[in-house]
Amino acid sequence: MSTPAQLEALAIAIAREAGEFARLRRIEGVAIAATKSALADIVTEADREVEALVRRRLAEERPGDGFLGEETGAETGSTGVTWVVDPIDGTVNYAYGIPSYAVSIAAVTGEPVVGEWDALAGAVFNPASGELFHAASGEGAWLDGMRLAVNPEPTPAGALLATGFGYDAATHAGDIARVARVMPLARDVRRIGAASLDFAFVAAGRLDGYFERGLHPWDHAAGALLVTEAGGFVGGYDDLDVWGRRLFVAAGPGLYGPLLQAARG
Ligand code: LIP
């Protein structure tokens, strides 16, 4: 069985390669391939090409591992390790030319379901900024050789938070009501548009906390490991709404409890 550090090194190498490919495809121009759960839920040709690249590279390096990807779904492996991949997290940003998107790659053991898996390694690479956040279980979270740490608690001015909204318009009123419940804790709220970067920014102390309902495994697998390896907490996903959407809350020790309480429901 490979060590978390060995899986991390592979995630880093493939995320960098895939991200560079995505960045060059962006320069060539974006083609919307289809819509998925709603008109606003788009997939570009590049999403599919990047996932194919990541899947091929992983199969070359680690035949027998399982795979769970946003665009091509799941394949069970024989090694006990499953790769959970979002080829372009922040696809709408990518399509509009907003330089906030990322390749997110995580290696987990156990069922590829949050709460049942153990995350071993993860990499989140934003090729537009060149920032590659990475972590291995028990080895900390890192960016450019610098060890990351969450903010232990917000300043007296309040918490700088981030959140997000799903593609289904029927869920928006509930999401807006959640922001209203959380606002008393906040100095301000950011909408970055890519969950993996929201988690990475909490891990890096650029945000005090993040909350969103409805994330998929590929949106949070690597990002959540960055936060916990940076001394933060991630939870709330036992809480499902009427649409079956899980709640995700990530923050440092001082804010996690109050944020989770305000974000529930
Ligand atoms: C996105 C998430 C974001 C969420 C969007 C979407 P995608 O993932 O990163 O946090 O608000 O609705 O789910 O679709 O770009 O991979």
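If you take the beta carbon distance between residue 146 and residue 216 as r and set R0 to 25 Å, what does 1/(1 + (r/R0)^6) give as a FRET efficiency, to the nearest 0.05?
Using R0 = 25 Å, I get an efficiency of 0.30.
Might you tell me the accessible area per residue for the chain, computed with a 1.4 Å probe and given in Å²?
Counting only protein heavy atoms, the per-residue value for the chain is 41 Å².
Tell me, what HN-Hα J-couplings in whole Hz come from the Karplus equation 6.51 cos²θ - 1.76 cosθ + 1.60 at θ = phi - 60° for each residue of the range 79-93, using x for Gly and Pro?
Whole-Hz 3J(HN,Hα) from phi for the range 79-93: 9, x, 9, 10, 8, 10, 10, 10, x, 9, 7, x, 4, 5, 4.
Binning every alpha carbon pair distance of the range 122-207 at 10 Å from zero, what are the percents per bin?
Spelled out per bin, shortest first, that is 15, 40, 31, 13, 0.
If I stretch the segment between residue 242 and residue 177 completely, what's the gain in nm (0.36 nm per residue apart, minus their alpha carbon distance), one decimal?
21.9 nm
Work out how much length residue 75 to residue 40 would gain on full extension: take 0.36 nm times their residue separation and subtract the Cα-Cα distance, in nm to one decimal.
Result: 9.9 nm gained on full extension.
Before rounding to the nearest 500, sum -39500 (n - 2.57) across all DSSP H runs of length at least 4 in the chain and divide by the residue total; then give [θ] at 222 nm in deg cm²/dmol.
After summing the helix terms and dividing by residue count, I get -11000 deg cm²/dmol.
Carbon and sulfur: what percent of the chain's accessible surface (1.4 Å probe)?
Reported share for carbon and sulfur atoms: 55 percent.
To the nearest 20 debye, what is the magnitude of the charge dipole of the chain about its Cα centre, counting +1 on the Cβ of each Lys and Arg and -1 on the Cβ of each Asp and Glu?
With only Lys, Arg, Asp and Glu charged at Cβ, the dipole is about 600 debye.
Using a simple spin-label model with points 7 Å from Cα along the Cα→Cβ vector, what separation in nm is obtained for residue 157 and residue 24?
The answer from the label model is 4.2 nm.
What distance in nm separates the simple spin-label points at residue 264 and residue 139, each placed 7 Å from Cα in the Cβ direction?
Simple spin-label model gives 3.6 nm for this pair.
I need the semi-axes of the equivalent ellipsoid of the chain: take the C-alpha gyration tensor, multiply each eigenvalue by 5, square-root it, list largest first in whole angstrom.
Equivalent-ellipsoid dimensions as semi-axes: 27, 21, 18 Å.
The values are calculated or read from the model by the stated rules, or taken from the named source; none is laboratory data. Predicted model, so just to flag it, every value in this text is computed and none were measured. Cβ sites come from the backbone with ideal geometry, for glycine too, and all protein chains shown count toward neighbours. The area values use the complete protein model at the heavy-atom level, side chains included, leaving out ligands, DNA and RNA. Shrake-Rupley method; radii C 1.70, N 1.55, O 1.52, S 1.80 Å.
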